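Okay, structure first, notes after.
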Amino acid sequence: ADQFAEISKWRARKEDIGLATARAEAVRRAKRVLDLDEELAGNLDKLTELIKASPAAALLEEPGVGPFSAAVCFTAWSHPGRVRNEAAFAALAGVNPIPASSGNTHRHRLNRGGDRQLNRALHTVIMNRMVHDERTRKYVAKHYGEDPTKKSKKEIRRKLKWYLARRVYKILNALDTVPQPA
């Protein structure tokens with residue numbers, strides 16, 4: 001951003017037409033980038049306000065969950081009763097385990113279906129947690145390794161996303177004050 005601010009302050013000089021045109025275009029584009037940065041910051045502030053005013057505000061308290069991820073999760077959940085249980089929410093997100101066992105090897109593979117935006121939001125939260133959340137880092141360290149009983153990074157991310165989807169579902173359903181029909 002500092003470079004764009006510096007370029008946007010360039011003044012026109014007396015120079016050949018090619019260089020003057022390139023300079024003017026660089027200034028125009030730098031100003032546009034700064035305007036878009038300002039607009040994005042405003043949009044993020046508005047989204048944060050909307051999420052804090054909505055029932056999804058509880059999601060912001062979870063580590064790694066930002067306003068965009070909370071909005072995507074809340075939109076996918078939609079309303080009480082839309083998703084019948086946490087397994088259905090995990091399937092909606094495309095993070096439910098699909099058996100892929102062979103012989104004595106018992107494994108689960110990634111589900112490639114579901115709401116890809118929700119899956120991406122959960123992935124973003126998990127990647128953030130793998131770097132910044134101490135509990136998640138301990139889990140990854142415990143389950144990752146060369147030992148055949150250990151899991152691959154892909155399997156660890158799948159399990160973490162599955163756990164997160166269940167957690168998000170529980171948080172959103174806790175907001176439901178209307179009793180469900182039996």
Checklist outcome for this item: Those residues of segment 125-182 which are in a loop (DSSP other than H, G, I, E, B) and modelled with pLDDT of 85 or more amount to Asp133
Checklist entry - Are any of the residues in segment 91-113 surrounded by fewer than 11 Cβ atoms within 10 Å (Cβ to Cβ) and under 20 Å from the mean Cα position of the chain (by Cα)? => result yes
Checklist entry - So is Ala88 in a helix (DSSP H, G or I), aliphatic (A, V, I, L, M) and either buried (at least 20 other Cβ atoms within 10 Å of the Cβ) or touching a Gly at 6+ places or on another chain (Cβ under 7 Å) (or both) or not? => result no
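How many residues does segment 69-85 hold that are in a helix (DSSP H, G or I) and either at positive phi or buried (at least 16 other Cβ atoms within 10 Å of the Cβ) (or both)?
Residues in segment 69-85 being in a helix (DSSP H, G or I) and either at positive phi or buried (at least 16 other Cβ atoms within 10 Å of the Cβ) (or both): 8 in total.
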Checklist entry - Does any residue of segment 3-11 turn out to be closer than 30 Å to Thr124 by Cβ and charged (D, E, K, R)? => result no
Item to check | Residues of segment 1-29 satisfying the condition of being surrounded by fewer than 11 Cβ atoms within 10 Å (Cβ to Cβ) and more than 33 Å from the chain's Cα centre (by Cα) | outcome: Lys9, Arg11, Ala12, Arg13, Lys14, Asp16, Ile17, Gly18, Leu19, Glu25
Checklist entry - From the set of residues in segment 30-64 that are without any contact (Cβ under 8 Å) to a residue 60 or more places away in the chain and either of a type in the set (Ser, Thr, Tyr) or not in a helix (DSSP H, G or I) (or both), which is surrounded by the fewest Cβ atoms within 10 Å (Cβ to Cβ)? => result Ser54
Checklist outcome for this item: Pairing a residue in segment 115-138 that is not assigned by TED's automatic domain parsing to the domain that holds Val168 with any residue that is in a helix (DSSP H, G or I) and modelled with pLDDT under 95, where Cβ atoms lie under 8 Å and the two sit 6 or more apart in sequence or on different chains, gives none
Checklist entry - Can Asn96 be described as over 29 Å from Leu47 (Cα atoms) and either of a type in the set (S, T, N, Q) or not in a helix (DSSP H, G or I) (or both)? => result no
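The values are calculated or read from the model by the stated rules, or taken from the named source; none is laboratory data. Note that the structure is a prediction, hence the values are computed from the model and not measured. Every residue, glycine among them, receives a Cβ derived from its backbone with ideal geometry; neighbour counts consider all protein chains shown.
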